[in-house]
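A.B. asks: This is the structure I have questions about; it appears just below.
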Amino acid sequence: MYLFFLIFFLLLLISAIFFTIFEINFVKNFLKIENTKYIVLLRILETMTPFVTLLIASGPRAILKSVFPVFCFLCFSFIMILIIEFFRKKINMRELIINSVLCFIDIFLVIIGIVVIFRF
């Protein structure tokens, strides 16, 4: 049983790395953005969500109830980092908009996933 969860976790991790590389290449080639460190930061925050949820919740029901708020908090933190970097002149308006749109797309996909999985 533990082997199944270990293999499942490793496959999930490998697929996340694959999609991150695909997204970075898409943004670099199609949207012509040179600075992709914020996309990597967004993926790290998305990967941190289950671990942070496990730390703050106790029990399976509490974990399910706290995944989405933790994910939204981490995405809000990401948007705040982007705004701070914009005012520090480290990124321009175009990069701010594109990275924000990618974050909102991720939030929307998580909402769709929760609706599909739990049939709300």
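A.B. asks: Taking only Cα atoms, what is the 0 to 90° angle, nearest 10, from helix 60-87's long axis to the longest principal axis of the chain?
C.D. replies: With rounding to tens, the tilt is 10 degrees.
A.B. asks: OK, next. Treating cross-link reach as a plain straight distance, find the lysines whose alpha-carbon is under 24 Å from the alpha-carbon of residue 90, omitting any fewer than eight places away in the same chain.
C.D. replies: Result set, ordered by chain and number: 28, 32, 37.
A.B. asks: Against the longest alpha carbon principal axis of the chain, how many degrees, from 0 to 90 and to the nearest 10, is the axis of helix 2-30 turned?
C.D. replies: Orientation of helix 2-30: about 20 degrees from the principal axis.
A.B. asks: Another one. Which residues in the stretch 80-107 place their backbone N less than 15 Å from a point set 7 Å from the Cα of residue 24 along the Cα-to-Cβ direction?
C.D. replies: In the stretch 80-107, the label zone of residue 24 (backbone N under 15 Å from the point 7 Å along Cα→Cβ) covers no residue.
A.B. asks: Which of 114, 38, 20 sits farthest toward the positive end of the charge dipole of the chain, with +1 on the Cβ of Lys and Arg and -1 on the Cβ of Asp and Glu?
C.D. replies: 38
A.B. asks: At a probe size of 1.4 Å, how large is the accessible area of residue 86, to the nearest 10 Å²?
C.D. replies: Its heavy atoms expose roughly 50 Å² to the probe.
A.B. asks: Another question, if that's okay. Output the peptides 14-25, 71-82 sorted from most to least packed, where packing is the average of other Cβ atoms within 10 Å over each peptide's residues. Mind dumping the intermediate values first?
C.D. replies: On the way: 14-25: 12.4, 71-82: 16.2.
Descending packing order for the listed peptides: 71-82, 14-25.
A.B. asks: Here is a follow-up. Report relative contact order for the chain in percent, whole number only (criteria: Cα-Cα under 8 Å, sequence separation at least 6). Walk me through the numbers before you get to the answer.
C.D. replies: Details: 47 pairs, mean separation 22.1, N = 120.
After rounding, I find 18 percent.
A.B. asks: Taking the solvent-accessible surface of protein heavy atoms with a 1.4 Å probe, what is the per residue accessible area of the chain in Å²?
C.D. replies: 73
A.B. asks: Starting from the residue with the highest accessible area, list 43, 88 in decreasing order, probe 1.4 Å. It would help to have the intermediate numbers written out before the result.
C.D. replies: Numbers: 43 35, 88 145 Å².
Ranked from most to least accessible, the order is 88, 43.
A.B. asks: Placing +1 at every Lys and Arg Cβ and -1 at every Asp and Glu Cβ, with all other atoms neutral, what dipole size does the chain have around its Cα centre, in debye to the nearest 20?
C.D. replies: Working: 11 positive and 6 negative charges, 32 e Å.
Dipole about the Cα centre, nearest 20: 160 debye.
The values are calculated or read from the model by the stated rules, or taken from the named source; none is laboratory data. The shown structure was predicted, so the numbers you read here are calculated from the model rather than taken from an experiment. No Cβ is skipped: glycine too gets one built from the backbone with ideal geometry, and neighbour counts run over all protein chains shown. These accessible areas exclude ligands, DNA and RNA; they are computed on the full protein's heavy atoms, side chains included. Shrake-Rupley method; radii C 1.70, N 1.55, O 1.52, S 1.80 Å.
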